[in-house]
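The values are calculated or read from the model by the stated rules, or taken from the named source; none is laboratory data. As the structure is a prediction and not an experimental result, all values here were calculated from the model. Note that each Cβ is placed from the backbone with ideal geometry, even for glycine, and that neighbours are counted across all protein chains shown. Ligands, DNA and RNA are excluded from the accessible area calculation, which covers all protein heavy atoms including side chains. Shrake-Rupley method; radii C 1.70, N 1.55, O 1.52, S 1.80 Å.
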Amino acid sequence: MTYNINNKGYYGEFGGAYIPEMLYPNVEELRQNYLKIMAEPSFKQEFDQLLKDYVGRPSPLYFAKRLSEKYNTKIYLKREDLNHTGAHKVNNTIGQILMAQRLGKTRIIAETGAGQHGVATATVCALMGLKCIVYMGEIDIARQAPNVARMKMLGAEVRPALSGSRTLKDATNEAIRDWINNPVDTHYIIGSVVGPHPYPDMVARFQAVVSKEIQWQLKDKENTTKPDYVIACVGGGSNAAGAFYHYLEDTSVNLIAVEAAGKGVNSGESAATSALGREGIIHGSKTLLMQTNDGQITEPYSISAGLDYPGVGPMHAHLFKSGRAEFISITDDEAMIAGLELSQLEGIIPAIESSHALAIFDQKQFKPNDIVVINLSGRGDKDLKNYIDYFKL
Ligand SMILES: *Cc1c(COP(=O)(O)O)cnc(C)c1O
């Protein structure tokens, strides 16, 4: 059994590229070139340099002393919240903008729901001087005004998706339509380990810098490269894929994926894809997704906009189905309380997405000597209004 991708673009039975024929040339160009380009010394050099000087990597691996005392185990936080733009997403957009340049593309498109991926994409387009168009549902544009302003400030054009429910999936449809119409000069930057092959693998490889760093940072601190547990929240799955990547095949390292249960897994308002999902096709890949009996995608819900996705990347579908990773669902309330706790125990205000990963200690017991690494995917600045409303601060 392998937990990584095979040469056909599948993780176990999940993955592949289920796309309209008109999109085939674009995806095929990427598939034929991505590994070759990533292996070029000049690509690696530029990627590493930008991660260091622009993003601020390596991100610290921080021993959370007071949190560890409270839960009587050894907790390390991987500080992706300290990256430029405040989350892990920029690791991927840096990689993809370099990929786009090497493929000779001059125009970038992306879709965004909460706006975080739109901001990370607009950021690297400004960095490289490439034209940037971000599709966003009209409803999301109204809900996420600060991120819309950021994208505009960075020089991106934000185009509203006016059809359907006017949210993420409609923005995705618009982006795909654009790519079909502009196959030669345009690269589509997807923001998580989702979409048709090779996107899930390409994005996982760009995010893999996270587990690469955990290995040597842990070696310095604990004289081992291997934690007992790696824990990460899962929306589409990119921060988890990055934190798990170099441990996938080493089953002595336990992997825990944390999904958003919203108001409760069985409340009808949740985003707990593995618990509720069945096999189907979403955004060009075969995976687990929340759907009705006749195959209509169910609207997901979570207090955290970044976890509010009805599917999950094919790597995670395979990690779930094979049992390689344990999947835990955390409600809005549990996540919010864990976010407040981290703030007051460690002086770190986490993104609400990351707060889900921090909330597992009520469900999961660890031994005093266990080394537990939690991927702190992002900072909480963007969520302050949510925290204020929830706690009446
Ligand atoms: C977007 C986002 C997530 C969820 O996306 P993944 O692809 O599952 O990582 C998690 N945390 C933060 C801070 C985000 O911005």
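Within the stretch 123-141, identify whether any single residue is open to solvent by less than 50 Å² (accessible area, probe 1.4 Å), within 16 Å of the ligand (Cβ to nearest atom), modelled with pLDDT under 95 and hydrophobic (A, V, I, L, M, F, W, C), and answer yes or no. No, the stretch 123-141 has no match at all. Candidates in the stretch 300-328 are the residues that are open to solvent by 30 Å² or more (accessible area, probe 1.4 Å) and assigned to a strand (DSSP E or B); of these, the one that is nearest to the ligand (Cβ to nearest atom) is PHE327. One residue stands out in the stretch 270-297 among those that are in contact with a strand residue (DSSP E or B) (Cβ under 6 Å, 6 or more places away or on another chain) and part of a loop (DSSP other than H, G, I, E, B): the one that is nearest to ILE176 (Cα to Cα), namely GLY277.
Helices (runs of 4 or more DSSP H) fully within the stretch 330-391 that include at least 3 residues being of a type in the set (A, V, I, L, M, F, W, C) and open to solvent by 10 Å² or more (accessible area, probe 1.4 Å): 332-346, 384-391.
With the condition kept exactly as written, say whether any residue in the stretch 95-110 is within 15 Å of the ligand (Cβ to nearest atom), more than 18 Å from the chain's Cα centre (by Cα), closer than 24 Å to GLY378 by Cα and not acidic (Asp, Glu). Among the residues of the stretch 95-110, not one is within 15 Å of the ligand (Cβ to nearest atom), more than 18 Å from the chain's Cα centre (by Cα), closer than 24 Å to GLY378 by Cα and not acidic (Asp, Glu), which makes the answer no.
Scanning the stretch 46-80 for residues that are acidic (Asp, Glu) and open to solvent by 80 Å² or more (accessible area, probe 1.4 Å) yields ASP48, ASP53, GLU69. Each residue in the stretch 214-254 was checked for being away from the ligand (no atom under 14 Å from the Cβ) and open to solvent by less than 10 Å² (accessible area, probe 1.4 Å), and 6 of them qualify.
For LEU393, the test of being within 14 Å of the ligand (Cβ to nearest atom) and not polar (S, T, N, Q) is failed. If the condition is being open to solvent by 20 Å² or more (accessible area, probe 1.4 Å) and in a helix (DSSP H, G or I), then the stretch 107-122 contributes only GLN116.
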